[in-house]
Amino acid sequence: MSGEMAVILMSNSKQVGGKAKNNAHRRIWTKEEDMCMTQILPTVHHEGKYKEGDFKPGYLLELENRMTQKVLESSFEAIHIDSRLSYLKRQFYALHEITEKCNGFGWDNEQTMITDDRTVFNE
């Protein structure tokens, strides 16, 4: 699965809220906000805020500040960014598992969807 699939997945996904008891932290992300985050994350990584497979403490505040500067009409909190990253990781790894480890499945970049080989279902 390519990095392009990850960006397409993020830009097409929509989180419609969670099971939080307090709706104060509930947030719905736009495609523009997702794209902003996917553009900033590699920059934060290359600036040394990433170490041994994980981001260093404080990276969420850095993302929050940069995203707020880039998308002026939105306000971000670290809790929103952390939640969104967790959500997108779950989606990405589920799709990665299907497309890489299951025979007969692939990814269509044009339609941004999983494809299958009908013979898989006939077996």
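Scanning segment 80-105 for residues being surrounded by 14 or more Cβ atoms within 10 Å (Cβ to Cβ) and of a type outside the set (S, T, N, Q) gives a total of 12. Could you tell me whether any residue of segment 42-57 is at pLDDT below 90, in contact with a helix residue (DSSP H, G or I) (Cβ under 7 Å, 6 or more places away or on another chain), basic (Lys, Arg) and outside any helix (DSSP H, G or I)? Within segment 42-57, one or more residues are at pLDDT below 90, in contact with a helix residue (DSSP H, G or I) (Cβ under 7 Å, 6 or more places away or on another chain), basic (Lys, Arg) and outside any helix (DSSP H, G or I).
Taking each residue of segment 85-99 that is more than 15 Å from ASP34 (Cβ to Cβ) and looking for partners that are at pLDDT 85 or above and in a helix (DSSP H, G or I) with beta-carbon atoms closer than 6 Å, six or more apart or interchain, yields nothing.
The set of residues in segment 97-116 that are part of a strand (DSSP E or B) and of a type in the set (S, T, N, Q) contains only THR115.
The values are calculated or read from the model by the stated rules, or taken from the named source; none is laboratory data. Remember, it's a predicted structure, so these values are computed and weren't measured experimentally. Cβ atoms come from the backbone with ideal geometry, glycine included; neighbour counts cover every protein chain shown.
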